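The values are calculated or read from the model by the stated rules, or taken from the named source; none is laboratory data. Quantities reported herein were computed from a predicted structural model and do not represent experimental measurements. Every residue, glycine as well, gets a Cβ built from its backbone with ideal geometry; the counts of neighbours run over all protein chains shown.
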Amino acid sequence: MDIILLERVEKLGNIGDVVTVKDGFARNYLLPNKKALRANEANKKVFEANRAKIEADNAEKRSAAESHSTNVEGKQVVLIRASSNSGQLYGSVTVRDIAEALNAEGAQVTKQMIVLEHPIKTLGVFDVRVSLHPEVAVNVQVNVARSPDEAELQAQGVNVMEAMFEEDTSGFTEAYDPNAEPGEIAVEEEAPAEDGEEQA
C-alpha cells in the first residue's frame with residue numbers, strides 16, 4: 001500500500017514522503033495512529049493544503065520533546081527482580097516496568113516511548129532508548145538486580161554473577177590424585193597397597 005507520512009517514521013521516511021508499506025502495517029499501525037494517509041489523489045491534495053500546518057505542529061512537538069529530554073536523558077532506574085543462580089530472571093522486564101520506574105523518578109514517559117530491542121531476561125545494567133518524538137530519542141540505564149546492594153555494585157561496574165561464582169569456589173579445594181581414573185574419588189592414603197607388596 002502507498003501512504004503519505006504525516007510524521008517521521010524510523011526506517012521509512014520523513015513528513016510528506018510517499019512510501020510503500022505492507023498493508024497490515026499501514027492498516028494496523030500507521031493509519032489508526034494518524035502517522036500516515038493513504039496515498040490517493042484526494043489525500044495528496046489535502047496533505048499539500050495542510051503541509052505548512054502539519055510541519056509547524058511537528059516542529060512544535062519536537063521542541064517540546066527536546067526540552068523534555070533534559071529531564072529524561074541519562075536517568076538510571078533500579079528494578080529488583082528474583083532470578084535463578086545463573087542470573088536468568090523468572091519472567092522478563094517489560095516496557096511497562098521501565099516506564100513505571102522512570103515515571104517514579106519524574107520522567108513523564110509512556111510505555112509507547114520505550115524502545116526495547118530485545119526483552120531483558122537477565123540481571124545486569126542495560127541501555128534502553130526512549131523515543132520522546134520521532135526525531136528526539138534519549139538513552140536511560142536500567143539496572144536489574146536481586147537486591148539494592150547488588151544494584152549498587154552493578155552501577156559501579158561489578159559483574160555480580162561472576163563475583164558470586166568466584167566467592168563460591170574460593171573456599172573449596174579438592175584432593176587431587178594424578179593417577180586416579182576419571183570420576184574416581186582421590187584417596188590420600190595408599191599405604192595398605194605398599195604393605196601388601198612388602199609381605200609378598
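Quick notes
- When the test is whether a residue is β-branched (Val, Ile, Thr) and in the same structural domain as Pro134 (by TED's automatic domain parsing), Val93 passes it.
- Filtered residue count, region 96-121, keeping only those that are surrounded by 17 or more Cβ atoms within 10 Å (Cβ to Cβ) and at pLDDT 85 or above: 9
- Close pairs (7 angstrom Cβ cut-off, 6 or more residues apart or separate chains): in the same structural domain as Val142 (by TED's automatic domain parsing) in region 72-90, part of a loop (DSSP other than H, G, I, E, B) and basic (Lys, Arg) anywhere: Ile80/Arg146; Arg81/Arg146; Ala82/Arg146; Ser83/Arg146; Leu89/Arg81
- Each residue in region 113-127 was checked for being assigned to a strand (DSSP E or B) and on the phi < 0 side of the Ramachandran plot, and 8 of them qualify.
- The set of residues in region 14-26 being farther than 19 Å from Met113 by Cα and either in the same structural domain as Ser131 (by TED's automatic domain parsing) or surrounded by 13 or more Cβ atoms within 10 Å (Cβ to Cβ) (or both) consists of Ile15, Gly16, Asp17, Val18, Val19, Val21, Ala26.
- Qualifying residue in region 33-50 (condition: of a type in the set (Phe, Trp, Tyr) and either in the same structural domain as Val128 (by TED's automatic domain parsing) or within 22 Å of the chain's Cα centre (by Cα) (or both)): no
- Cβ pairs under 6 Å, 6+ apart, first in region 120-138 and without any contact (Cβ under 8 Å) to a residue 60 or more places away in the chain, second outside any loop (DSSP other than H, G, I, E, B) and aromatic (Phe, Trp, Tyr): Ile120/Phe126
- Of the criteria (1) of a type in the set (Val, Ile, Thr); (2) at pLDDT below 90; (3) under 30 Å from Pro119 (Cβ atoms), which one Ile54 fails: (3)
- Top-ranked residue of region 43-78 - restricted to ones that are within 13 Å of Ile15 (Cα to Cα) and in contact with a helix residue (DSSP H, G or I) (Cβ under 8 Å, 6 or more places away or on another chain), ranked as surrounded by the most Cβ atoms within 10 Å (Cβ to Cβ): Phe47
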